[in-house]
1. To the nearest 20 debye, what is the magnitude of the charge dipole of the chain about its Cα centre, counting +1 on the Cβ of each Lys and Arg and -1 on the Cβ of each Asp and Glu?
2. Pull up the DSSP beta bridges for the chain and report the antiparallel fraction as a percent, rounded to 5.
3. Longest segment of the chain with no GluC sites (Glu not before Pro) in a DSSP loop having at most 15 other Cβ atoms within 10 Å?
4. Please give the FRET efficiency for Ala43 paired with Val401, using the beta carbon to beta carbon distance and R0 = 60 Å, rounded to the nearest 0.05.
5. With the cut-off at 1.5 for a/c, could you classify the range 307-437 from its C-alpha gyration tensor as rounded, prolate or oblate?
6. Rounded to the nearest Å, what's the spacing between the alpha carbon centres of the range 281-353 and the range 375-394? Just the number, please.
7. Under the rule of -39500 (n - 2.57) per DSSP H run of 4 or more residues, summed and divided by the residues of the chain, what mean residue ellipticity at 222 nm is obtained, to the nearest 500 deg cm²/dmol?
8. Rg/Rh for the chain to two decimals, with Rh computed the Kirkwood way over all alpha-carbon pairs.
Amino acid sequence: MLRQIDGRYAVSSMVLHDPHPASEHLIAFSTPLPLRSRLAVLAGKATSAVSRRLLLGRGAVIGGRVTLAVDPLVLTRLTAGRAVTVVSGTNGKTTTTLLLAEALGSTRTVSSTAGANMTAGLVTAAARPTEELVLEVDELFVARTMTTTRPTVLVLLNLSRDQLDRMVEVRRVADRWRAAIAEVTWNMTIVANADDPLVVWAVHRFPDVVWVAGGTRGRREAIQCPSCGQVAIVNAAGMWSCACGSARPSPNWTVDADHLHGPAFISPFNPSLPGEANRSNAAMAVAAAAARGVDRHAAISAVERVESVAGRYLTVPIAGRPVRMLLAKNPASWTEVLHLIDDDLRPIVICVNARGPDGRDTSWLWDVAFEGLAGRVVAACGERRWDLAMRLETAGIRCLVVQDPVDAVRAVAPAGSSVELVGTYSAFHDLLRRLHVRW
Ligand SMILES: [Zn+2]
């Protein structure tokens, strides 16, 4: 089924059902792929298709693993000579990746990762032959991915403490980013959050940076200057500066309550995704699309249309109650969620697991300002519901403890009443699968 067209390779059909349109099987890379890579891609696609058939998930990770097993160098080969954008940061990378893919997709073909941000997920995205490739990359894999894929654009959102057992000190992550950026020998533009001192510290020596005032994700603690370790001053407008001379760079793009301001450019800006953090993600996506030459108005229209990200923010019926699905995986994303649900008093179900993707150590719960839930009906569920219940109790929040999230939804609200559900990564995705919600 592999045939050569104009010096490029095409796969005409697949043996197994694949929901992607046939055009996606046209493997047209600027550098012809060696036989081993072609076979690796085919094996991966077949595996992904089987995984989807068996309803085991989207198949991106398992397919990518098979591809890598057949050809360990496949990612380098699949990305050679292509327009690659790498998106990383502790929070907002899945959302920003999706928004950027939509913005680029207004004028060209795009492949992107969908929440699968380790190497296997990147391989699956790269195996689709598109003009643009947008890769969400785990913070700890940025250096390696840069060496492998030589991105045209690097988008750096923020750095904050993630799950304690998997995240080394954030400063060390910034060090790794800084070292990797110092090694760049190809043409690359960095789109970086000027409001995050660690991002600025990693990036500021690089000659081609587009600065976006991307916000600090509601971070309340004092900002420590990454250059000298002193506490930096943050003024009312959110700008930071330090006695040592480090300061927030002047941004090329800023976003306010109604508008997006770019270089010699201002536009009304109304993303459908809720919350301030998503306004910032959307601004970063538009700035990155503009760096790739996409018309700014087209990019804005595209990001404004996105209403949910990998199931997040969807409202789904559970036991006869409309339930808004939210994901919170660390203290920074909880800050965003608390901000988002501030305006209503709907009952809230919190579902905490501690599997690999969630982080096995739940002590991060003690860094979440759950006091903000005072006055609401709250249920703790999931595999680590007792850890959560103890934390809530200490924060002065009385909660119901219910093992199963569907039972918890029933317990907190009568039929027909709206509920907010916040889950850690595995809890959130398990529930979507169980409800047969496709995204
Ligand atoms: Zn300083």
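Where a number appears in this text, it was derived from the coordinates with a stated rule and is not lab data. Since the model is a prediction, treat every value here as computed from it, not as a measurement. When we count neighbours, we look across all protein chains shown, and the Cβ atoms used for this are built from the backbone with ideal geometry, even at glycine.
1. 1200
2. Of those bridges, close to 35 percent are antiparallel.
3. By the stated rule (loop sites, at most 15 other Cβ atoms within 10 Å), 308-439.
4. Step by step, r from the Cβ atoms, then E = 0.85.
5. Rounded, since a/c falls under 1.5.
6. The distance from the Cα centre of the range 281-353 to that of the range 375-394 comes to 23 Å.
7. That calculation yields -10000 deg cm²/dmol at 222 nm.
8. 0.97
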